[in-house]
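Data block below; observations after.
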Amino acid sequence: MKKRKLEILTNDQVSDFKRKFESNARFLVDESVGINAARLIRDRGWNVCYIEDLDLLDRSHEAVLAFARREERILLTHHFDFLDDSRFPFHRNPGLVILPPVTGSTLGFADAINGVLELIGPLSKAYRGFKIRIAEDGVWTIRRFNTEEGVHQEISVKFGKMK
């Protein structure tokens with residue numbers, strides 16, 4: 001993998017980025033994440049649809065992602081098969097987040113939802129074509145296909161506590 005030089009952004013560059021990509025996200029929550037998560041997101045003021053309300057419950061993953069793409073909704077799921085690039089290519093991806101499972105403690109899941117709303121929510125256009133997996137330990141693995149260089153790119157980051 002090719003290393004890139006660290007670039008420091010000016011305030012003007014950050015402002016330009018925000019202007020270009022600022023758009024409140026619209027979410028699609030699938031059955032694996034559940035209706036309670038959809039309600040939580042809706043209660044926080046976000047535009048969210050739950051898969052069952054759209055009669056997509058028994059549809060294929062391809063059909064669900066195609067709907068999300070048409071409606072410009074970021075798909076929130078637990079299904080790892082969406083990470084299969086040959087089955088779900090980046091250019092047909094409206095934005096995808098694989099959330100950690102809900103275990104005995106829902107803290108990792110709740111932190112992931114909070115992170116998605118805080119980091120992705122206000123800049124949804126910046127995440128089109130991205131596949132993001134949030135692990136139980138809070139590490140975000142962010143993947144995309146860089147069309148300019150013709151290569152897949154991946155970065156793993158762990159964010160501090162969300163406000």
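Brief remarks follow.
- Just one of the listed residues (Pro101, Pro89) is in contact with a helix residue (DSSP H, G or I) (Cβ under 9 Å, 6 or more places away or on another chain) and of a type outside the set (S, T, N, Q), and it is Pro101.
- Restricting attention to the range 110-163, the residues that are surrounded by 14 or more Cβ atoms within 10 Å (Cβ to Cβ), of a type outside the set (Gly, Ala, Ser), at pLDDT below 85 and not in a loop (DSSP other than H, G, I, E, B) add up to 1.
- Number of positions in the range 84-107 that are outside any helix (DSSP H, G or I) and under 30 Å from Gly150 (Cα atoms): 14
- Selected residue (only one of Asp53, Asp81 is over 16 Å from the mean Cα position of the chain (by Cα), at pLDDT 85 or above, of a type in the set (Asp, Glu) and part of a helix (DSSP H, G or I)): Asp53
- The range 56-78, subset acidic (Asp, Glu) and outside any helix (DSSP H, G or I), residue nearest to Leu123 (Cα to Cα): Glu72
The values are calculated or read from the model by the stated rules, or taken from the named source; none is laboratory data. Remember, predicted model here, so these are calculated numbers, not experimental data. Positions of Cβ are backbone-derived with ideal geometry, glycine not excepted, and every protein chain shown enters the neighbour counts.
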